[in-house]
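Asks: One structure, pasted below without further comment.
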Amino acid sequence: MDETFSIAGAVPLAEKEAAGMDEQEFRLLYDATARPILAYLIGVTGRRDVAEDLLQETYCRFLVRQPKPMEANETRRYLFRIATNQLRDRWRRGVDEPWQETAEDGYSVDVDMQMDVQAVMQVLKPRERELLWLAYVEGMDHVEKAAATGLHALSVRMLLFRARKKAAGLLLPRREAV
Amino acid sequence: MSRSWCERESDVVQGLRTGQLSSELRSHVLGCSICTETQGVARSMLRVAAVVKEENEPIAAGLVWRRVEKQRKEIALKRAARPLIFMRALSVVCVVLSVAWGVRYLWRSVFFGVFSGRNDLLNRTVGSAAAIAVLAIAIGAGYLLHDSRRSGEDVLSV
């Protein structure tokens, strides 16, 4: 049976707050999901400070919003969705430019590989970075990626194809040359 | 026309993620340009992701929980203060209307001689003030009713 996090349902706010997730439940959820979401945010922004800030805001929004009860997998997708929306809000507002940090700030081991991937990520558009990460690191299928990004499943397939082509064009010649 | 996807692509990604790429899948990758490309990109990203996950510890859950609690309190406070702010604005409008009415009445009585005694002024003043007060109460009650319904809905969007 899938694990279910007890999240208050669509009831008036006062009841929601009373019936919401307690600290113990939140810790379980956080321990199970925070690390991959933080890695995703670092991977897409290239900035640890921004990623940490967005991670906190993601969980704040999740808890304040108190969505209907959902399974663990659905909760995970929902958290990725909130995180992705925040990334876009941030870029839309022009708060910061992605990939301002040096390699040492976000990535520090296996330097060759990281420099290659970082260089590729810098060239890719934010949406392409998001899709590649969700597809290959998180292993999400097209429907899950669509739910996590708010895109249509058919668009996801096409955008991922383009992103992969672009990344492969940039990344593979570098690896072969090494 | 070149293909844009392969039905084994997700298997290749899952195999790479779990570190269990079967020999059958390996031989498929060798003969499939899409899966070769996918394997190259996915492998690089997975290696970097593994390092990022290992090196970057999320902040403690307790800190996030406390931030949420603070945010909840702020939202509750804002919601509680909303009717008070509205009623304050309404009372300002009420006073302005009453003063305007009073000034208008006095101005008319001085320049046109409409003034017909103290009792008349008192009756008109009381009547108008009562009308304005009833109107203000009705608007205030309507707002409070609307606000109590709205408080069931959410404040923050995802």
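The values are calculated or read from the model by the stated rules, or taken from the named source; none is laboratory data. Owing to the predicted nature of the structure, the values given are computational and were not obtained by experimental measurement. Cβ sites come from the backbone with ideal geometry, for glycine too, and all protein chains shown count toward neighbours.
Asks: May I ask you to say which residue of A:Glu130, A:Glu97, A:Glu101 is modelled with pLDDT of 90 or more, under 21 Å from A:Val50 (Cα atoms) and charged (D, E, K, R)? Walk me through it before giving the result.
Replies: Working: A:Glu97 fails: modelled with pLDDT of 90 or more; A:Glu101 fails: modelled with pLDDT of 90 or more.
Checking each option against the conditions leaves just A:Glu130.
Asks: Among the residues of the range B:5-39, how many are more than 12 Å from every other protein chain (Cβ to nearest Cβ), surrounded by 15 or more Cβ atoms within 10 Å (Cβ to Cβ) and outside any loop (DSSP other than H, G, I, E, B)?
Replies: 3
Asks: Report yes if B:Glu57 is more than 9 Å from chain A (Cβ to nearest Cβ), modelled with pLDDT of 90 or more and surrounded by fewer than 18 Cβ atoms within 10 Å (Cβ to Cβ), otherwise no.
Replies: On the way: more than 9 Å from chain A (Cβ to nearest Cβ): no; modelled with pLDDT of 90 or more: yes; surrounded by fewer than 18 Cβ atoms within 10 Å (Cβ to Cβ): yes.
When the stated conditions are applied, B:Glu57 does not pass them.
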